[in-house]
2 protein chains.
Amino acid sequence: MGQNLIYAVPFFGLIALAYTFIKSSWVSKQDVGTEKMGRIADNIADGAMAFLRAEYKVLSIFVICVALLMGWSGMQEGSSPLVALSFILGAICSALAGFIGMKVATKANVRTTNAAREGLGKALEIAFAGGSVMGLGVVGLGVLGLGGLFLFYSGMDGWSIDKVITVLTGFSFGASSIALFARVGGGIYTKAADVGADLVGKVEAGIPEDHPLNPATIADNVGDNVGDVAGMGADLFESYVGSIIGTMVLGAAFMSNPGWADQFDGLSAVLLPLALASVGIITSIVGTFFVKVKEGGDPQKALNMGEFISAGIMLIATFFIVKTMLPAEWTHNGITYGSLGVFWAVLIGLASGLLIGIVTEYYTGTGTKPVLSIVKQSVTGAATNIISGLGVGMISTAIPIIILAAAIIGAHHFAGLYGIAIAAVGMLSNTGIQLAVDAYGPISDNAGGIAEMAELPKEVRQRTDKLDAVGNTTAAIGKGFAIGSAALTALALFAAFMTTTGITEINIANPKVMAGLLVGGMLPFLFSALSMNAVGRAAMDMIKEVRRQFKEIPALTAALAVMKSNEGKEMSQWSDADRKTFEAADGKADYSKCVEISTRASIREMILPGIIAVSSPVIVGFGGGAEMLGGLLAGVTVCGVLMAIFQSNAGGAWDNAKKMFEEGVDIDGKMHYKGSDAHKATVVGDTVGDPFKDTSGPSLNILLKLMSVVALVIAPFL
Amino acid sequence: MGQNLIYAVPFFGLIALAYTFIKSSWVSKQDVGTEKMGRIADNIADGAMAFLRAEYKVLSIFVICVALLMGWSGMQEGSSPLVALSFILGAICSALAGFIGMKVATKANVRTTNAAREGLGKALEIAFAGGSVMGLGVVGLGVLGLGGLFLFYSGMDGWSIDKVITVLTGFSFGASSIALFARVGGGIYTKAADVGADLVGKVEAGIPEDHPLNPATIADNVGDNVGDVAGMGADLFESYVGSIIGTMVLGAAFMSNPGWADQFDGLSAVLLPLALASVGIITSIVGTFFVKVKEGGDPQKALNMGEFISAGIMLIATFFIVKTMLPAEWTHNGITYGSLGVFWAVLIGLASGLLIGIVTEYYTGTGTKPVLSIVKQSVTGAATNIISGLGVGMISTAIPIIILAAAIIGAHHFAGLYGIAIAAVGMLSNTGIQLAVDAYGPISDNAGGIAEMAELPKEVRQRTDKLDAVGNTTAAIGKGFAIGSAALTALALFAAFMTTTGITEINIANPKVMAGLLVGGMLPFLFSALSMNAVGRAAMDMIKEVRRQFKEIPALTAALAVMKSNEGKEMSQWSDADRKTFEAADGKADYSKCVEISTRASIREMILPGIIAVSSPVIVGFGGGAEMLGGLLAGVTVCGVLMAIFQSNAGGAWDNAKKMFEEGVDIDGKMHYKGSDAHKATVVGDTVGDPFKDTSGPSLNILLKLMSVVALVIAPFL
């Protein structure tokens, strides 16, 4: 029975990939629109692929070096050089998922714009279809890769289940490495392009960021895809496979128990996470069919519908799977567990994910009390806007942390450390549709930018804005979900780390552990500072390049001069000669050079954070011992989760505080509109919040999981 | 021999108090200056006493209630209702130290201004003398109170040393309660008055904050004293007595060892911290004699000289005291300790305090690389100034944390948990002169404000500015020192907590502990948000009161109208009638009402943070158990120290980034002056940094120590 299930798992992965193939073909068949639209979309697509190519070049070198190291380390007893294969495949699957997701996103964006020329319903359908390719691609490759490798290693002669799983762990490390590049590098890229394009407008040339004359504008739109599609995809791919592997390690521990028996050759606890993930693929696919909206409808409701239906079906399915697979009751290390307890743990995981999402929405959504408080404080200037935004971000950590703490205690109560790990799997089981909803956001964001750049009628932009507004909310919720799942995944890996090293206690009273806690807690602060400074430096590179282009490309120089001399006049009032000069500049900006500069800068800037993340567990583990490393992991998890929630929510709240001025907002009886002093203050807050929520916050997710995975990988040696 | 030493300790406390009496008399004898200066100084002094009166009213109620609770709790075995006496005395000593310090500071300020009309040397002497009253007052009352009570309890019939120390712990709790009110409430008051006075200027009436017409101006100057004199004094008083008591608890543990023998009735390890503190009083007094500066000299060097000489003498004295008092070697719980090891631990504490101070100076001082980076980023606007300031604050946590972690491991290596506690005592042994240097700052700050308000010649303000600039640097270093000592004190109390509850391990693998870590880590975020929001609300109250005064006090209304109609004109160009109207308003503003409003608001606002700080250990301890409480303490200590360093240094760096524009600063070859766009951006950063470094950051020191003390107090019950 066990063997049958092992064969079935990769099959579900293939189902997901078949879905992505069908959806991406459908998207490609949709109409692109005008010739100008097509050109812009091609520019964005080219820029996105340029970033990926540059990133993969550096990545390949990294992967080869680490694979060699892992292969060498795998030669010891209990492991195998094939761990290098796991590592390489984990990296390839993550990179492939990102590639597929980006490719379809950069096809879906312009087709969404085109559909928005007719109506809202089709536009949502295309944007969401694009997102679902990312979502199902990630879960499909994850299940296929993990399931396939597990199948392969299980067939190896003489390999114990412990050896199989140990060799499999490399897959998680491969996924984490890609996540580091994609999320941290991608995050720096995104913000550098955004800030650069912004500052070019303000400081250099007086042109707005979405203006076709702005050489940085394409890089900016590419950045949406790089950060929020590929980066988020890699982040969740890492959590997804990390939580599954962590659970498998803990499930294998049960097998050493005498009296452990099931219908699956004893592998039930090991296979359960894979089974849940596989079924999650189906429930996600089913959920996507419910995401539809009519003209004048609310896209938010459509997306919520899909997510809730998936969650509901998943819950019911989980009950039956757990009841069927696991023994009704068993004892391990003196503690009694039950399949019902495991179900409760999964439920706790699912519920926590949902609740954290709802709380995130409260602290960051337009019109909520916290966001309104920021709006109010903007009347007295930028400083009070910043102070209140920071306060909202800090206070927003309270409830999610209490939810997490309760989830940890609850899941452990019902099913021990295995319960905590399976709760993470439960939270992540619907990653397919969750990521689809996440990735939908940047696609509608791009669609809006394209509508602007192609100078389409106003109601097109209004429709894409409606989709985009919902996209901001889902992005914030998605970030909350990503942090929550990162925390549980880190803890699952932490539990696996302890099981592997054989440590049963990490005692805070041991000064080494206390020191580890302090240093671990400090790392998220260091990491945040490095990523934020990186954005500044990379943006500077971008601005220098833009200056160079305005000086050295004649068509641009001329067009800029013409714009400045006609300042204040509508374009219809310009002379014919001036208008000709301006139009001649169209497409002359060297967009790809900007993309190249930003790409190189972001990859250069993420090397130091990456080294810190990988080497600190190694240094502390081998220098201070496994207990100290445990302290380090605990410290980085606690502070990392807090800093991630703080920064992500502060950024989201600042963003929506600014947005509230779009239609004008009533503050204490007086109306304030876009362009007012209060609005200008919110622009400052939004600019500060950008690197918070798009670079620094997300990179902390990666930090804690990557360090946990590295610890798990070196655990056998400690 | 032990008895003799016990008698000697309070005597040293009396020496310190004698010194403060001599110095404060000397200050009072100095010349006040003009009649106007005297009036302004009286207003400030009255305002300061008004704040203290209002604060003490609420405090008394709190102290009585808690004393009753403690008296009742003391009735169990191993304790005594007299613990209520310890509590009350600890509160009284702390409050008295704050009172004396404030009273002399508000005398020293105007006399400093007057001395500055002649020269720099006398001005420094007066300002520093005022500061030294605060410094030696704190250590004197601490040593007198602790030493006296210890003497008293040791004389009680049938009391074991454990009972004596348990009852003594109440003194630390009393000190912590006052610190909560003084530092948190005082911090809110300080910033509310500062922000209110600022905004009145900008938003309401167009008058600057130091203008005599500004009703909030006196509250602002009072705030300097409330926050940086009394608040800092209470903070260090809490660390001072907390570290001593923590060490005494751990020292008592040695006495249960068979074979423990010394010349002090076995009390050597218990008395050592008191002995070091006593000697520290003498070395501090000696150091004060070296703080002198000639005309044209550098006040910074003078202050440094005093501190280093004190530290040097203390080190030598420590060696001999430790060698003389403690046995050369002894074994406890299987580990061998030595008096030399204890000396190394003390040295590590002293060195860490020094190093953390130096690192703080690097990240916050004028002209350093990090501060220059903020200045550079201010050219591109407020948002980039904020981002770089936040980055500097975050990255500045790295080295101090590594120093702390190394200190913990080192001190433990040489002398176990006792070593960590005695390292804290070592770091705090020179609190006398350290606090004198700290409290000197606000006195020179006030002196500058008085020079402005009394419209004295320019060179007076220049001299006081010179003193004040140094004061800002010492303030930042002092804050770094306060955080470092708070961390070690919290750990000392944490170790004492474990010893008292009998727990030998707090295991992170236990999900309760992990949950405790998470919730504990979250508390500093919550606390910071509450204190920052509190500043905003209290400032609003202030502004409403100022509006009311401008409407309802005829002389002010008239003067304001006259100012507005003469906008842009020098006062010499006004009509005689206008000038008369303006001068008639002098002193008509109801300064004390503003002080009262701000006081009430700040005390109201600190109730919730106070409740959270006191109740969370109680709830977690009794609800989740001692181990979970241990996790909570560890979490709040790690995150609290990080957030405190981050906020304190970010605030200091932003402040000095703004100051660099006073004389104009060269950025990439171009000069930027006060009033430039870049300068305006630094003003935004400075305004954000103010609550960071004066309210939120310092309140975290209190949070972690207060929670540790509460845990220690309830420890016998768990």
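Just so you know, all these numbers are worked out from the coordinates, no wet-lab data involved. The shown structure was predicted, so the numbers you read here are calculated from the model rather than taken from an experiment. When we count neighbours, we look across all protein chains shown, and the Cβ atoms used for this are built from the backbone with ideal geometry, even at glycine.
A few comments on the model shown:
- At q = 0.09, 0.15 Å⁻¹ the log10 of I(q)/I(0) for the range A:263-385 amounts to -0.44, -0.83, computed by Debye summation with a single uniform scatterer per C-alpha, solvent ignored.
- Calculated FRET efficiency, A:Glu118 to A:Lys294, Cβ-Cβ distance, R0 = 22 Å: about 0.95 to the nearest 0.05.
- Phi to ³J(HN,Hα) by Karplus 6.51 cos²θ - 1.76 cosθ + 1.60 over the range A:39-54, Hz, x for Gly, Pro: 5, 4, 4, 4, 4, 5, 4, 4, x, 4, 5, 4, 4, 4, 4, 4
- More than 18 Å apart - percent of Cα-Cα pairs taken over the range B:339-462: 68
- Principal-axis analysis of the Cα atoms of chain A puts helix A:554-565 at an angle of about 60° to the longest axis.
- Extended-chain gain in nm, criterion 0.36 nm per residue less alpha-carbon gap, B:Glu570 and B:Ile22: 192.6 nm
- Across the identical copies, how the B:Trp260 labels are spaced - nm, sorted shortest first, 7 Å along Cα→Cβ: 4.6
- The Cα atoms of chain A define a convex hull whose projected area, averaged across directions, is 29.5 nm².
- Contour minus Cα-Cα distance for A:Leu718 and A:Lys163 (0.36 nm per residue): 198.1 nm
- In terms of Cα atoms, the Rg and Dmax of the range A:499-636 work out to 26.5, 80 Å.
- Amide H contacts of B:His332: B:Tyr337, each under 5 Å away and 5 or more positions distant or on a separate chain (H built 1.01 Å from N in the peptide plane; Pro and chain starts excluded).
- Kirkwood radius for the range A:1-86, taken over all pairs of different Cα atoms as the inverse mean of 1/r, rounds to 17.5 Å.
- Spatially, the range A:100-138 and the range A:339-353 are offset by 33 Å when compared through their Cα centroids.
- Gap separating the Cα centres of the range A:398-476 and the range B:462-501, nearest whole Å: 42
- Taking the convex hull of Cα positions in the range A:603-655, its mean projected area over all directions (nm²): 4.6
- Mean shadow area of the range A:80-197 over all directions, Cα convex hull, nm²: 9.1
- Placing a label point 7 Å from the Cα of B:Leu68 along the Cα-to-Cβ direction, the distances to the matching points in the other copies come to 7.7 nm, shortest first.
- For the range B:84-129, the Cα-based Rg and Dmax, in that order, read 15.5, 51 Å.
- Inter-centroid distance (Cα atoms) of the range A:526-576 relative to the range B:585-661, Å: 44
- Kirkwood estimate for the range B:365-436, i.e. one over the average of 1/r between Cα atoms, Å: 15.0
- Take every pair of alpha-carbon atoms less than 8 Å apart whose residues are at least six positions apart; their mean separation over the length of chain B yields a relative contact order of 21 percent.
- For the range A:580-703, the Kirkwood hydrodynamic radius from C-alpha pairs, put into Stokes-Einstein at 4 °C and a viscosity of 1.567 mPa s, yields a diffusion coefficient of 70 µm² per second.
- With the alpha-carbon atoms of the range B:420-497 aligned to their principal axes, the span from lowest to highest coordinate is 56, 17, 15 Å, starting with the largest.
- Helix A:697-714 vs. chain A, principal-axis angle (Cα, 0 to 90°, nearest 10): 30
- Measuring nothing but alpha carbons in the range B:494-556 and taking Rh as the Kirkwood radius, the Rg to Rh ratio lands at 1.45.
- Over 59 Å [Cα-Cα, the protein assembly as shown], rounded percent: 20
- Considering only Cα atoms, the convex hull volume of the range B:45-149 works out to 74 Å³ per residue.
- Between B:Val618 and A:Asp31, the modelled label-to-label distance comes to 7.1 nm, taking each label 7 Å out from Cα in the direction of the beta carbon.
- Modelled label positions at A:Arg579 and B:Ile316, each set 7 Å beyond Cα in the direction of Cβ, lie 9.0 nm from each other.
- Rounded to whole Hz, the Karplus (6.51, -1.76, 1.60) HN-Hα couplings of the range B:255-271, x for glycine and proline: 5, 6, 6, x, x, 6, 8, 8, 8, 10, 6, x, 8, 4, 5, 6, 7
- Under the Debye formula (equal points on every Cα, no solvent term), log10 I(q)/I(0) of the range B:36-89 at q = 0.17, 0.28 Å⁻¹: -0.62, -0.96
- Between helix A:161-179 and chain A there is an angle of about 10 degrees, using the helix long axis and the longest principal axis of the Cα atoms.
- Karplus-derived HN-Hα couplings along the range A:333-346 (A = 6.51, B = -1.76, C = 1.60, θ = phi - 60°), whole Hz, x at Gly and Pro: 6, x, 10, 9, 10, x, 5, 5, x, 4, 4, 4, 4, 4
- Estimated FRET transfer efficiency when R0 is 51 angstrom, pair B:Met49-B:Lys323 (beta carbons, to 0.05): 0.60
- Long-range HN-HN contacts of A:Ile667 with modeled amide H, under 5 Å: A:His672
- Cα-Cα P(r), the range A:380-525, percent of pairs per 5 Å interval: 2, 8, 10, 13, 14, 15, 12, 9, 7, 5, 3, 2, 1, 0
- Over the range B:137-201: Kirkwood hydrodynamic radius from C-alpha pairwise inverse distances, Å: 14.5
- Rough spin-label spacing in nm, given labels placed 7 Å along Cα→Cβ, for B:Thr504 and B:Ile402: 3.5
- Copies compared at A:Phe622 - label distances in nm, ascending, label defined 7 Å from Cα in the Cβ direction: 5.1
- The protein assembly as shown - charge dipole about Cα centre, Lys and Arg +1 at Cβ, Asp and Glu -1, debye rounded to 20: 240
- FRET E, pair A:Arg547, B:Glu77, Förster distance 56 Å, beta-carbon r, rounded to 0.05: 0.10
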